[in-house]
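The values are calculated or read from the model by the stated rules, or taken from the named source; none is laboratory data. Because the structure is predicted, anything quoted here is derived from the model rather than measured. Virtual Cβ from ideal backbone geometry, glycine too; neighbours counted across all protein chains shown.
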């Protein structure tokens, strides 16, 4: 390791672009081939971004077959399309044959349907069968992210038989760290590589297999699967069909990706954006605009409701124009309080820290918090108004409005996400933007009612 | 597996509380012991929540030593404290001796210092040395989440020697799927369990070890480490000290936990809450209030700036009170637009999809999006005003204000997080609440300036 420390930076590999381009230009492909063999496929995939279309193809063809497929699986769609354009169909078919089935699906599901048919005609029979099978699973299900490469044992095999089988087929399996014991295609047990390595070679598999294990069904939601794997610290999870036959496995790296994607989508929804799993930079201006406009329009027209309430009190601020100047502060404070509560609850629900049965606990907690927070904010503001505006009644109106607004907004902010969850809606929609709009309306009503009462407007 | 399907629900284990309580009451501990041996430790840990203090202790003592430690590592602090209270020190010491070092640290770092000293006096020498060593690492570093249990080889060993060593020490190592080749305490290569299983037994380790690998240093930020493991799909990552000696490993399950925690903290910051890694329900009302009040006060007083700008235009809305009714709509739309942009950028930065070098690309993209979005929203509102208020000039004032507000808010929303990242601040602070406050002020200024111009106010 230390010998190559020059191209490391805190453990990251840094590929030398100039060197690579130099080798390509001087056609010194043997040197490049050796250099690439030492690199991590993730880094090679990242490096491809920096090459133009002509060098890209040369570069990719130098990679060994399996390495090429590996690199391909780490590319984003933009890069894949760039690469595919420079390939003939035979080359694409070669890549597909080498890809793990989940990566092949990931790639093919973004290709035009006619091209997929055309390519699948040419791939190996076994690969085609697997892919056609996997293409049937709906997005967002365990079936759509699983891979069909896994190792099967029978319970009569010995540890030595099992190790021999891993040696025979292991290279092709995405993970060999958990193997599956099957009887009549039904999954009856799992064996970890750890127990294989720790057991004597003549021990039968049935003595070391675990018959209690976690599994999933192909139609299960992929987010639930990922959470289950996180909860139980699983490297891989077997996926069964309706007849309890094992048809694939989901590996931890895919689970992490699912968790990250789902969180990103949650955040987008919480910011009133229609969720989209494409990276920011490769999403077009039109797509961005479209995914943002829907909610903006809804919220904009909802906010006019607040405006019309204000119109009802025109006579109030004609008499006391200073009332208007506290509107932004009240609206912002209400919005912020509501968004604090809703964010905590939405996140708590997402990571299963909060359940529907905690409803009253949560509401009571938020109620007490809102009293503390409301009084502090109300007092701070009241003092400020007395000092600056020398108007005790105004101070009382604004402070009481703040306390009530804080209480309403924390109530709305914690209740709506939990109710949404209960109604099988996505709690992430009940976030800051929507809560703010609702709270604004209520805050303005409270404020002007109190002001009208106290000042007899 | 199918034999026990009665206590499964979609692959989850459901423990039977009544049955367990029945066994405890009737002192049928042998039956309970057998039952628990079949359960997953994660489920047992979850089940402990449902037991009261007296049954809790009985229940926990029935578990086997290693299982008990495992269950303990999955408990949250509240449960641990409840359990610790019923234990004598010898029992606590037993648990600590059995825990993996990272879990022991996790537990001890939340205990009072004098209790820690007292307990450490009694644990095994090796354990004490490891723990004392680990306690020195700062929170948020790789050192603080690593475990010191890993398997070391020398490069002269054969595969057979290596497997024999795993058999000898493997049980105690948190993961045996990557082993580390060490020379003079320096890490010179890694060997995966996969290559051990796939190689013949007389092959020397130096022939199958990988000398190019990803590593981290003890002082590296734990979030960076977790992201690195996600990027390279690593099950474990070796952690080196300043002299490049391997001192521990970080495993994928801890990496997933770090990623989840960091995302939760990001979300809290984005909602103007001082980040806190305690679960919502176990955080007290005072702690909740304290972590929310700081930002609320800052933002509340900032919002009064918007109010004072409004005061400057008192004469304007004395003449045209209808102007006031559009304030909420403008403020909300500006806030929502800004929060859409800032959320996408903050998340993009967090998952390394966006870098500082993309600054101009991002700003230009948001600029074009804001034109599209602004025009759509402006037109929609303009038409509504013409239809409902029959006032073309008012429609023009409000629509132009919306277009300008959208453009300003998308600009502020995308620029501030990137700049924060560049200044090594946390971009998550530049989120909806702060952006909204800034954008509100600007929106009100724009609106009243345009209105004053057009209506000669």
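Data table
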{"read-out": "Close pairs (8 angstrom Cβ cut-off, 6 or more residues apart or separate chains): assigned by the TED database to the domain that holds residue A:334 in the range A:377-403, surrounded by fewer than 16 Cβ atoms within 10 Å (Cβ to Cβ) and not in a helix (DSSP H, G or I) anywhere", "value": "A:385/A:391"}
{"read-out": "Yes/no for residue B:396 being more than 7 Å from chain A (Cβ to nearest Cβ), part of a helix (DSSP H, G or I) and surrounded by 15 or more Cβ atoms within 10 Å (Cβ to Cβ)", "value": "yes"}
{"read-out": "Candidate set from the range B:428-451 (those that are away from every other protein chain (no Cβ under 13 Å) and at pLDDT 90 or above); member that is surrounded by the most Cβ atoms within 10 Å (Cβ to Cβ)", "value": "B:451"}
{"read-out": "Test for residue B:42: is it within 12 Å of another protein chain (Cβ to nearest Cβ) and at pLDDT 85 or above", "value": "yes"}
{"read-out": "Conditions (1) touching a residue at least 40 places away in the same chain (Cβ under 8 Å); (2) outside any helix (DSSP H, G or I); (3) surrounded by 14 or more Cβ atoms within 10 Å (Cβ to Cβ); number of the one not met by residue B:143", "value": "(2)"}
{"read-out": "Considering residues of the range A:128-140 that are assigned to a helix (DSSP H, G or I) and out of contact with any helix residue (DSSP H, G or I) (no Cβ under 8 Å at 6 or more places or on another chain) only, the residue surrounded by the most Cβ atoms within 10 Å (Cβ to Cβ)", "value": "A:133"}
{"read-out": "Residue satisfying condition, being farther than 19 Å from residue A:273 by Cα and part of a helix (DSSP H, G or I), within set B:375, B:383", "value": "B:383"}
{"read-out": "Selection within the range A:339-364 - touching a helix residue (DSSP H, G or I) at 6+ places or on another chain (Cβ under 6 Å), facing chain B (nearest Cβ under 7 Å) and part of a helix (DSSP H, G or I)", "value": "A:339, A:340, A:343, A:344, A:347, A:348"}
{"read-out": "Helices (runs of 4 or more DSSP H) contained entirely in the range B:146-255, each with at least 1 residues that are farther than 18 Å from residue A:177 by Cβ and touching a strand residue (DSSP E or B) at 6+ places or on another chain (Cβ under 9 Å)", "value": "B:159-169, B:205-208, B:222-231"}
{"read-out": "Given (1) within 7 Å of chain A (Cβ to nearest Cβ); (2) closer than 30 Å to residue B:152 by Cα, index of the condition residue B:249 fails", "value": "(1)"}
{"read-out": "Helices (runs of 4 or more DSSP H) enclosed by the range A:28-127 - at least 2 residues per element that are closer than 21 Å to residue B:212 by Cβ", "value": "A:29-38, A:41-48, A:53-62, A:65-73"}
{"read-out": "Any pair with Cβ under 6 angstrom, 6 or more apart, that starts in the range B:1-29 at a residue that is within 14 Å of chain A (Cβ to nearest Cβ) and ends at one that is part of a helix (DSSP H, G or I) and modelled with pLDDT of 80 or more", "value": "B:13/B:43; B:15/B:43; B:15/B:47"}
{"read-out": "Long-range neighbours under 6 Å by Cβ, at least six apart or interchain, first residue exposed (fewer than 13 other Cβ atoms within 10 Å of the Cβ) within the range B:33-53, second not in a loop (DSSP other than H, G, I, E, B)", "value": "B:50/B:17"}
{"read-out": "Selected residue [more than 9 Å from chain A (Cβ to nearest Cβ) and without any contact (Cβ under 8 Å) to a residue 40 or more places away in the chain] from B:314, B:318, B:261", "value": "B:261"}
{"read-out": "Residues (farther than 30 Å from residue B:206 by Cα and at pLDDT 85 or above) located in the range B:137-156", "value": "B:137, B:138, B:140, B:141, B:144"}
{"read-out": "Residues (touching a helix residue (DSSP H, G or I) at 6+ places or on another chain (Cβ under 8 Å), modelled with pLDDT under 90 and more than 23 Å from residue A:257 (Cβ to Cβ)) located in the range A:157-186", "value": "A:163, A:166, A:167, A:170, A:171"}
{"read-out": "Matching residues, the range B:348-367, being in contact (Cβ under 8 Å) with a residue 40 or more places away in the chain, under 22 Å from the mean Cα position of the chain (by Cα) and surrounded by 20 or more Cβ atoms within 10 Å (Cβ to Cβ)", "value": "B:349, B:350, B:354"}
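One line per residue, one yes/no per condition, for (1) under 23 Å from residue B:252 (Cα atoms); (2) more than 10 Å from chain A (Cβ to nearest Cβ); (3) surrounded by fewer than 16 Cβ atoms within 10 Å (Cβ to Cβ):
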residue: B:166; (1), (2), (3): yes, no, no
residue: B:170; (1), (2), (3): yes, no, no
residue: B:175; (1), (2), (3): yes, no, no
residue: B:178; (1), (2), (3): yes, yes, no
residue: B:185; (1), (2), (3): no, yes, yes
residue: B:189; (1), (2), (3): yes, no, no
residue: B:193; (1), (2), (3): yes, no, no
residue: B:199; (1), (2), (3): no, no, no
residue: B:205; (1), (2), (3): no, yes, no
